[in-house]
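I have placed the structure first, in the form of structure tokens, so that the comments after it can refer back to it.
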Amino acid sequence: MSSEKVILHRSLKIDLPKGQSAFLWGPRKTGKTTLIQSLFPKSIAYNLLETDTYLRLSKEPFRLREELAEIRTVSSNEQPIILDEVQKIPQLLDEVHNLIEQKGLSFFLCGSSARKLKKGHANMLGGRAWRYELYPLTSHELGKEFDLMKALNRGLIPSHYLSDYYAKSIKTYIQDYLKEEIQSEGLVRNLPAFARFLDTVPFNNGELVNFSNIARECSVDSKTVAAYYQILVDTLMGYFIEPFRKVKNRQIIGATPKFYLFDVGVAGGMSQRTLSINKGDEFGKAFEHFILMELIAYRAYSERDFHISFWRTKDGLEVDFVLNHGEVALEVKGISHVGTSDLKGLSAFREEHHPKHSILICQEPKPRKLENGITILPWKIFLERLWNGDF
């Protein structure tokens, strides 16, 4: 299936007042360029992935100011000036700052990583630009085009989900990340060690991060592994989920985070995992990963900014996701029939923390409310309610 055959309406709402600038961050190929072209079709645009544009402005950043000299005020150009992949030339942000202050221009600044800007102490415009984030596709955006097994195998990067050649595209994506984002940006000194680290990441996806064990596998120290994970976070390739720390009676795990890659298909491609049936441990892990990505995207697009954590005790009781400091407890199971043993984690969490909502997300066909207050929700209904803002 070709991506041109499906018109996607993204859930990210960008409504800039006149004269307001903004950053848009998101992993490569999530559709940032397509989105901004649809939002600002008449904007003056600079794409720093174009070699001639990059060379011209990297050698002489002041050229941006000279080329925009005829634009005296924002009123002469109703749409913001677009700088795509702005992290490639951090010095341009000084020129942008000056043009905002001196000429009243507005800018829409897109990038796949703020790491190079922050590490180089680049001008982040001191609050003059709003921040937006774009994620891979969601079930809400795809609507009737959404298929769970397709999403778990292909992931939700638009060109991967909508292509029959997704396996090759995912492989190329992973190779390009190592080459373009890491090597070309000089983010690590020891590229072979980082490549070994990347090999371990998908097999630890969604698990407690044991920095010492991974360090031994990569022949580096644990501080280096922690720094490597931070590179993935800063380049928008993954997320730490911290443990829920509101300690009451039980001994809980309160220091070790979990890590999830930003896309379930990329995680599967890196581990060479292919799902053929909607059951089993591998399906369950991918299903949990998918639900987390929906939560993260909804949080950003709804601007609700709730906290996401997990809860686990030292004797093995667990709740996959705890939202908003304990108001909502979510357990994700890739099962079609919920038994008593599947409820132990949620029951223990309810006993200690009394959340407003305790939900087990699964593949049962109908929702039901148990006497102990736990709600069993089919995943489709959970996602409908999530995107409707019911929680």
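The values are calculated or read from the model by the stated rules, or taken from the named source; none is laboratory data. All of these numbers come straight from a predicted model, not from anything done at the bench. With ideal geometry, Cβ positions are generated from the backbone for all residues, glycine too; neighbour counts draw on all protein chains shown. Side chains are part of the model used for accessible areas, which takes the heavy atoms of the whole protein and leaves out ligands, DNA and RNA. Shrake-Rupley method; radii C 1.70, N 1.55, O 1.52, S 1.80 Å.
Computed values, structure above
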quantity	calculated
Selection count where residues are open to solvent by less than 10 Å² (accessible area, probe 1.4 Å) and closer than 15 Å to LEU24 by Cα, scope the stretch 86-95	3
Qualifying residue in the stretch 286-297 (condition: under 28 Å from the mean Cα position of the chain (by Cα) and acidic (Asp, Glu))	yes
Filter result (open to solvent by 20 Å² or more (accessible area, probe 1.4 Å) and more than 13 Å from VAL319 (Cβ to Cβ)) within the stretch 355-372	LYS356, GLN363, PRO365, LYS366, PRO367, ARG368, LYS369, LEU370, GLU371, ASN372
Hits in the stretch 321-345 (condition: out of contact with any Pro (no Cβ under 9 Å at 6 or more places or on another chain) and within 18 Å of ASN372 (Cβ to Cβ))	LEU330, GLU331, LYS333, HIS337, VAL338, GLY339, THR340, SER341, ASP342, LEU343, LYS344, GLY345
Some residue of the stretch 294-315 being in a helix (DSSP H, G or I), farther than 22 Å from LEU148 by Cα, in contact with a strand residue (DSSP E or B) (Cβ under 9 Å, 6 or more places away or on another chain) and of a type outside the set (A, V, I, L, M)	no
Some residue of the stretch 291-303 being among the acidic types (Asp, Glu), under 30 Å from TYR166 (Cβ atoms) and open to solvent by 20 Å² or more (accessible area, probe 1.4 Å)	no
Residues located in the stretch 26-57, provided they are in a helix (DSSP H, G or I) and within 30 Å of ASP263 (Cβ to Cβ)	LYS32, THR33, THR34, LEU35, ILE36, GLN37, SER38, LEU39, THR51, THR53, TYR54
Condition check for GLY345: surrounded by 14 or more Cβ atoms within 10 Å (Cβ to Cβ), small (Gly, Ala, Ser) and out of contact with any Gly (no Cβ under 7 Å at 6 or more places or on another chain)	yes
Top-ranked residue in the stretch 304-315 [being open to solvent by 50 Å² or more (accessible area, probe 1.4 Å) and not acidic (Asp, Glu); ranked as farthest from PHE391 (Cα to Cα)]	LYS314
Index of the failed condition, GLN183 passing every other in (1) over 28 Å from PHE287 (Cα atoms); (2) modelled with pLDDT of 90 or more; (3) in contact with a Leu (Cβ under 7 Å, 6 or more places away or on another chain)	(2)
Subset tally (residues that are open to solvent by less than 70 Å² (accessible area, probe 1.4 Å), modelled with pLDDT of 80 or more and out of contact with any Phe, Trp or Tyr (no Cβ under 6 Å at 6 or more places or on another chain)) for the stretch 114-136	4
Neighbours by Cβ (under 6 Å, 6+ apart or cross-chain): first from the stretch 110-137, farther than 30 Å from LEU383 by Cβ and assigned to a helix (DSSP H, G or I); second open to solvent by 20 Å² or more (accessible area, probe 1.4 Å) and at pLDDT 90 or above	LEU125/HIS97
Selection within the stretch 187-208 - over 26 Å from ALA151 (Cα atoms), surrounded by 14 or more Cβ atoms within 10 Å (Cβ to Cβ) and not aliphatic (A, V, I, L, M)	ASN190, PHE194, ARG196
When residues of the stretch 316-339 are limited to those that are β-branched (Val, Ile, Thr) and in a strand (DSSP E or B), the one surrounded by the fewest Cβ atoms within 10 Å (Cβ to Cβ)	VAL328
Among the residues listed as ILE7, ILE44, the single one being modelled with pLDDT of 90 or more and at negative phi	ILE44
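Matching residues to (1) in contact with a helix residue (DSSP H, G or I) (Cβ under 8 Å, 6 or more places away or on another chain); (2) in contact (Cβ under 8 Å) with a residue 12 or more places away in the chain; (3) closer than 20 Å to ALA267 by Cβ:
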{"residue": "GLN183", "(1), (2), (3)": "yes, no, no"}
{"residue": "ALA193", "(1), (2), (3)": "yes, yes, no"}
{"residue": "LEU198", "(1), (2), (3)": "yes, yes, yes"}
{"residue": "PRO202", "(1), (2), (3)": "yes, yes, yes"}
{"residue": "GLY206", "(1), (2), (3)": "yes, yes, yes"}
{"residue": "PHE211", "(1), (2), (3)": "yes, yes, yes"}
{"residue": "ALA215", "(1), (2), (3)": "yes, no, no"}
{"residue": "SER219", "(1), (2), (3)": "yes, yes, no"}
{"residue": "SER222", "(1), (2), (3)": "yes, no, no"}
